[in-house]
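*Asks:* Dropping a structure here in structure tokens format, bear with me for questions.
The values are calculated or read from the model by the stated rules, or taken from the named source; none is laboratory data. As the structure is a prediction and not an experimental result, all values here were calculated from the model. Methodologically, a virtual Cβ is constructed for each residue, glycine included, from the backbone with ideal geometry; neighbour enumeration extends over all protein chains shown.
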Amino acid sequence: GFPEHHAVSPAALERHRRLVQALKQQGKGALPARWRGADLERVWNFDTPLDEVLRACDTVGAVALDAAGRFAVAGSTGGSWPMLRGRVGDTPIAGAGFFAGEHGAVACTGAGEEIMRRTLAREIYQMLALGAHPQAACEAGVALMPKDVEVGAIAISRAGHGAAARQPMAWSAMAE
Ligand code: ASP
């Protein structure tokens, strides 16, 4: 029931536009904290030159409960920017970017390295298993992460659905 999306969201494009502009004006000092101290030009390992790959990327996640009472989760990402070829983010890692079981389903978005460190999807799922409403579980999960980390989560359980995020990066909406 949702409209199809083939593009990067306006919010991600805007974040990316601001970063590229800051990089052009201030140089490496404008890189996100996790890249400070790294020589991006030296370690860059894509065939395409760095300047041509200043592209925005985004993540989409979905959580579902079917008519037979089974939960499912799916996720797809363009990764984070900047990143090197070969990076594996949280999105394909069970327990980090996604988790589903008999109590519900959870999908996360945001800084993959931090999400993996905390196995965030599993943390939120655990709260669902203990009876927390998905809205409360998502909020508590986001609150577990360091304050400067971009993060968002969506979740569903038999009690309903919910979403929480530090930036406008996760919404909760229902499709029948
Ligand atoms: N979590 C994704 C990654 O780190 C990025 C995102 O959700 O925006 O690859």
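*Asks:* Starting from segment 77-99, take each residue that is more than 7 Å from the ligand (Cβ to nearest atom) and list its partners that are modelled with pLDDT of 95 or more and of a type in the set (S, T, N, Q), counting only C-beta distances under 8 angstrom and pairs at least six apart or across chains.
*Replies:* Filtered contacts from segment 77-99: GLY95/THR119; ALA96/THR119; PHE98/THR91.
*Asks:* Only one of (1) surrounded by 11 or more Cβ atoms within 10 Å (Cβ to Cβ); (2) not in a loop (DSSP other than H, G, I, E, B) fails for SER80. Which number is that?
*Replies:* (2)
*Asks:* Report the residue count in segment 66-77 for those that are surrounded by fewer than 18 Cβ atoms within 10 Å (Cβ to Cβ) and among the hydrophobic types (A, V, I, L, M, F, W, C).
*Replies:* Of the residues in segment 66-77, the ones surrounded by fewer than 18 Cβ atoms within 10 Å (Cβ to Cβ) are 66-70, 72, 74, 76-77.
Those still in the list that are among the hydrophobic types (A, V, I, L, M, F, W, C) too: 67-68, 72, 74.
Number satisfying all stated conditions: 4.
*Asks:* Continuing with the same structure: Which residue pairs have Cβ atoms closer than 9 Å, lie 6 or more positions apart in sequence or on different chains, and pair a first residue in segment 53-67 that is small (Gly, Ala, Ser) and at pLDDT below 75 with a second residue that is more than 15 Å from the ligand (Cβ to nearest atom) and outside any loop (DSSP other than H, G, I, E, B)?
*Replies:* Here the result reads ALA56/ARG17; ALA56/VAL20, each pair linking segment 53-67 to a residue that is more than 15 Å from the ligand (Cβ to nearest atom) and outside any loop (DSSP other than H, G, I, E, B).
*Asks:* Exactly one condition in (1) without any contact (Cβ under 8 Å) to a residue 24 or more places away in the chain; (2) polar (S, T, N, Q); (3) part of a strand (DSSP E or B) is false for THR109; which is it?
*Replies:* Here THR109 clears every test but (1).
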